[in-house]
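Shown next, in structure tokens, is the structure this report addresses.
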Amino acid sequence: MKNKIWLSSPHMGGSEQKYVQEAFETNWIAPLGPNVNGFEKDLENYLGEDSKVACLASGTSALHLALILSDVVLGDEVICQSMTFSASANPITYQGAKPVFVDSEHDTWNMCPVHLENAIKTGIAKNKKPKAIIVVHLYGMSAKMDEITAIAKKYKISLIEDAAEALGSTYKGQKCGTFGDFGVLSFNGNKIITTSGGGALVCKTEESKQKAIFLATQARDNAPHYQHSEIGYNYRMSNVVAGIGRGQMEVLDKHIDLRRGMNQFYQEIFKDTEGVEVFVEPTADYYSNHWLSCIVVDNKITGFNREHLRLKLLEDNIESRPLWKPMHLQPVFKNSKYFGNLVSENLFINGLCLPSSSNLIKEDRERIQSCFSKII
Ligand SMILES: *Cc1c(COP(=O)(O)O)cnc(C)c1O
């Protein structure tokens with residue numbers, strides 16, 4: 001059996017172990033320490049816009065804290081992009097709130113501003129104004145942030161950007177994760193940089209960063225004994241894994257270039273194949289990290305569907321995966337409200353994510369290429 005080609009695998013740069021070693025040598029084996037502070041500074045410098053970053057245990061915990069800091073409580077409604085990973089929506093239910101799902105638009109595959117405004121107006125008409133909006137930058141592509149931020153401002157609703165897949169991507173030159181009231185990053189094993197597991201909350205003010213850290217470290221009041229006036233969480237990042245993050249920051253831009261190279265590679269493969277579209281930036285306003293490269297297959301033109309391609313790749317031990325199944329189609333969210341049409345559903349039916357790791361070598365690419373040339 002040939003070695004497995006993964007969709008997205010970890011790719012270490014070299015100095016990660018140096019920072020981890022430092023943590024051991026100085027005995028900072030705790031959910032605080034110089035690596036956590038250093039990784040936060042690195043991220044703040046990288047994102048710009050005077051961002052304040054709190055490093056956490058996961059992207060999911062960052063989303064949960066963003067909802068708490070947006071005052072989402074029992075019985076509230078929160079608008080969430082339907083086409084996404086379930087982790088975007090699950091924290092809404094942790095708060096006892098209800099998700100209201102919104103369809104995507106064709107250009108970016110992210111939240112459709114028209115359906116978003118419709119969902120807000122419908123909520124307001126029923127005396128149920130949504131408490132927050134969770135917009136996602138799927139596969140590294142920014143959502144239409146001019147329109148989305150304008151709507152959030154107009155209705156004065158907290159905007160949470162799930163940028164778990166979009167570290168390093170920009171819209172009109174501004175980094176994803178810095179547009180909303182809160183931004184969410186993930187350093188899970190499959191993301192563009194990884195700490196094996198981890199995440200971060202991007203805040204607009206030092207005050208909300210400190211509040212996030214307070215909640216993430218069990219909400220201890222300022223007293224010599226353990227005293228609590230609020231419910232806390234154990235969501236802080238470990239100083240050991242933060243060392244991996246510091247090393248990864250040194251190679252982030254290089255790895256983005258390599259992932260973008262994978263996207264070019266697929267554009268080349270499919271340039272003469274009618275009915276197969278590679279997902280690319282709709283205009284020069286967008287710069288995607290191309291965390292995953294994706295295609296959409298129109299089987300009426302090609303004569304084969306995305307599942308055929310997926311199975312053919314699998315025969316050669318190459319991993320690919322359908323696009324995210326929209327949340328409004330998930331059994332667990334079957335009773336949730338939905339605003340939209342069939343954009344995300346059709347993307348799910350016809351779309352496929354392809355191997356996109358930054359560490360794929362020439363032989364890997366040749367295997368992928370020859371697999372496709374047998375079919376197209
Ligand atoms: C990975 C991911 C998350 C969750 O991040 P974790 O660090 O795994 O908790 C949330 N949203 C999206 C869109 C993701 O891809």
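For the reader, a short list of remarks on this structure follows.
- Hits in the stretch 254-296 - residues which are assigned to a helix (DSSP H, G or I), of a type in the set (D, E, K, R) and in contact with a Ser or Thr (Cβ under 9 Å, 6 or more places away or on another chain): 254, 257, 259, 260
Conditions (1) within 16 Å of the ligand (Cβ to nearest atom); (2) of a type in the set (Asp, Glu); (3) open to solvent by 10 Å² or more (accessible area, probe 1.4 Å), marked per residue:
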position: 138; (1), (2), (3): yes, no, no
position: 154; (1), (2), (3): no, no, yes
position: 161; (1), (2), (3): yes, yes, no
position: 168; (1), (2), (3): yes, no, no
position: 172; (1), (2), (3): no, no, yes
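- Some residue of the stretch 222-232 being within 16 Å of residue 53 (Cα to Cα) and touching a residue at least 12 places away in the same chain (Cβ under 8 Å): no
- Enumeration of residues in the stretch 84-94 that are out of contact with any His (no Cβ under 9 Å at 6 or more places or on another chain) and either within 12 Å of the ligand (Cβ to nearest atom) or more than 21 Å from residue 233 (Cα to Cα) (or both): 84, 85, 86, 87, 88, 89
- Being surrounded by fewer than 24 Cβ atoms within 10 Å (Cβ to Cβ), within 13 Å of the ligand (Cβ to nearest atom) and touching a residue at least 24 places away in the same chain (Cβ under 8 Å) holds for only one residue in 199, 183, 189, and it is 189.
- From 194, 217, 205, 178, residue being open to solvent by less than 40 Å² (accessible area, probe 1.4 Å) and either modelled with pLDDT under 95 or away from the ligand (no atom under 11 Å from the Cβ) (or both): 178
- Taken over the stretch 124-136, the criterion of being over 30 Å from residue 263 (Cβ atoms) and either open to solvent by less than 10 Å² (accessible area, probe 1.4 Å) or not small (Gly, Ala, Ser) (or both) is satisfied by 124, 126, 127, 128, 129, 130, 131, 132.
- Flag set for residue 332, criterion: outside the structural domain of residue 85 (by TED's automatic domain parsing), surrounded by fewer than 22 Cβ atoms within 10 Å (Cβ to Cβ) and within 16 Å of the ligand (Cβ to nearest atom).
The values are calculated or read from the model by the stated rules, or taken from the named source; none is laboratory data. As the structure is a prediction and not an experimental result, all values here were calculated from the model. Neighbour counts run over all protein chains shown; Cβ positions are idealised from the backbone, glycine included. Please note that ligands, DNA and RNA were not included when accessible areas were found on the heavy atoms of the full protein model with its side chains. Shrake-Rupley method; radii C 1.70, N 1.55, O 1.52, S 1.80 Å.
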